[in-house]
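Here is the structure we will look at, set down as structure tokens.
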Amino acid sequence: MATLAQTIHAPRSEAVSNVARLDPETAWAAFMRRDRAWDGRVIGAVKTTGIYCKPSCPARRPKRENVQFFASGEEARAAGFRPCLRCKPDEVGRDREAVAQAVKLIEAAEEAPTLDEVAAAVGYAPHHFQRLFKRDLGVSPAEYSRALRMLRAQSALKENDRVTDAIYDAGYSGPSGFYSDAKERLGMTPSAWRDGGRGETIRWTTFDSPLGTMLIASTSKGICRLTFDDSEASLARHFPNATIVQDDGGMRELVEGALAAIEHPNAAPELPIDVAGTAFQEKVWRELRKIPLGETRSYAEIAAAIGQPTAVRAVGTANGDNHVAVLIPCHRVIRSDGTLGGYAGGLDRKRHLLAVEGHLSASPELPLVD
Ligand SMILES: [Zn+2]
């Protein structure tokens, strides 16, 4: 069973060690976006100046043909390059090291250490360190301690609970929203999730739908994303080790299927879906797929249907963690009082989907599009 620290650090440290295998186009795209998420994962060295930078460096972008990529500043130095004085690319590595050290400290402590204690132990000023920690892990050291306690309490309470085991085994951090990226990574099988999609080729395209521009992405097995967030950047962030290929022509059939599911759901083809989450999430998602067209269920009804009637909130969270909109019909789950509840894509889209589906069967109580 992975410790929490391994859980948190696995995706990043693997990303670092595997960056050499990283597609240079993906690395270049990160530099063009000045993507901070890739700082510490890839180094870009400029042959004409002999200087290397991190992706977020504010300096003017060099010509593509003059840039060589490395996994670390160390490798760039070994090849004869010098660090950029402006973006100080090596400090990212030192910062990450300090954060990793702080995590170990927090995990080993009997009682949650204060921010001052943690910062002093790793040799940083408290406020500066808080910012670094948060940038890396998405939470403050105090929030990390709290989540850690919560996880330990859970695992003690539910020692024989397969769901808890599955969450740990899958490398998830547990409480949703704890690790900012975790939610975004659930579209993969647990092993692929840990590897950031290594070995997978993910094809994607965007298309116009009645709900706005959508992004559809697919592995060789099926659709892994259908979202209202149409940026390639988000795909690269979620699957840092996957080969990500824009394929407008090759995705046409899946796009047509997705459009049919939105526009004429009663005549839509069955599309292959390739998602895997924790055992609990999969249970919820499978249950969502059983809600007949034109009907809705409450969060409580889904919780009851999967045999965990008290897990209403967790059902809501798993519902929100669904990244294959429409096809895994999380929009068909509403509150027990009949109000719409939430929707990642916004309530207007939920209302629209339900209205289109509502017209297909007798569901006069469903809200209609304005
Ligand atoms: Zn620089």
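Odds and ends about this structure:
- Taking 0.36 nm per residue of separation and subtracting the Cα-Cα distance, full extension of the segment from Asp248 to Gln308 would add 17.4 nm.
- Ala109 paired with Arg286, simple spin-label distance in nm, labels 7 Å along Cα-to-beta-carbon: 4.1
- Near Gly345, once Lys and Arg are set to +1 and Asp and Glu to -1 for all other residues with Cβ below 14 Å from its Cβ, the sum equals +1.
- Scanning residues 5 or more positions from Arg82 or on other chains, those with amide H under 5 Å from its amide H are Ile51, Tyr52, with H placed 1.01 Å from N in the peptide plane.
- Shape of the stretch 279-356, Cα gyration tensor, a/c cut at 1.5: prolate
- Cleavage-rule hits (trypsin sites (Lys or Arg not before Pro)) in the stretch 252-293: DSSP loop, at most 14 neighbouring Cβ within 10 angstrom: Lys290
- Close amide-amide hydrogen proximity is noted between Val245 and Ile202, Arg203, Trp204, each under 5 Å apart and 5 or more residues distant or on a separate chain (H modeled in the peptide plane; Pro and chain starts excluded).
- Summing charges over neighbours of Lys47, with a neighbour being any other residue whose Cβ is under 10 Å away from its Cβ, gives 0 when K and R count +1 and D and E count -1.
- Under 11 Å, Cβ to Cβ, from Pro329 - net charge with Lys/Arg +1 and Asp/Glu -1: +2
- Anisotropy class of the stretch 258-300 from Cα gyration tensor, a/c 1.5 cut: oblate
- In sequence order, calculated HN-Hα J values of the stretch 68-78 (Karplus, 6.51, -1.76, 1.60; Hz; x Gly/Pro): 10, 9, 10, 7, 8, x, 4, 5, 5, 5, 4
- For Ile223, the residues whose amide H sits under 5 Å from its own are Ile273, Asp274, ignoring neighbours fewer than 5 places away on the same chain, with H placed 1.01 Å from N.
- The stretch 84-137: GluC sites (Glu not before Pro) falling in loop per DSSP and having at most 16 other Cβ within 10 Å: Glu110, Glu111
- For the stretch 201-267, a crude dipole built from +1 on the beta carbon of Lys and Arg and -1 on the beta carbon of Asp and Glu, taken about the Cα centre, is about 320 debye to the nearest 20.
Since every read-out is calculated from the coordinates, none of them should be taken as a lab result. Fair warning: this is a prediction, and the values are worked out from it, not measured in the lab. All Cβ positions, glycine included, derive from the backbone under ideal geometry; neighbour counts span all protein chains shown.
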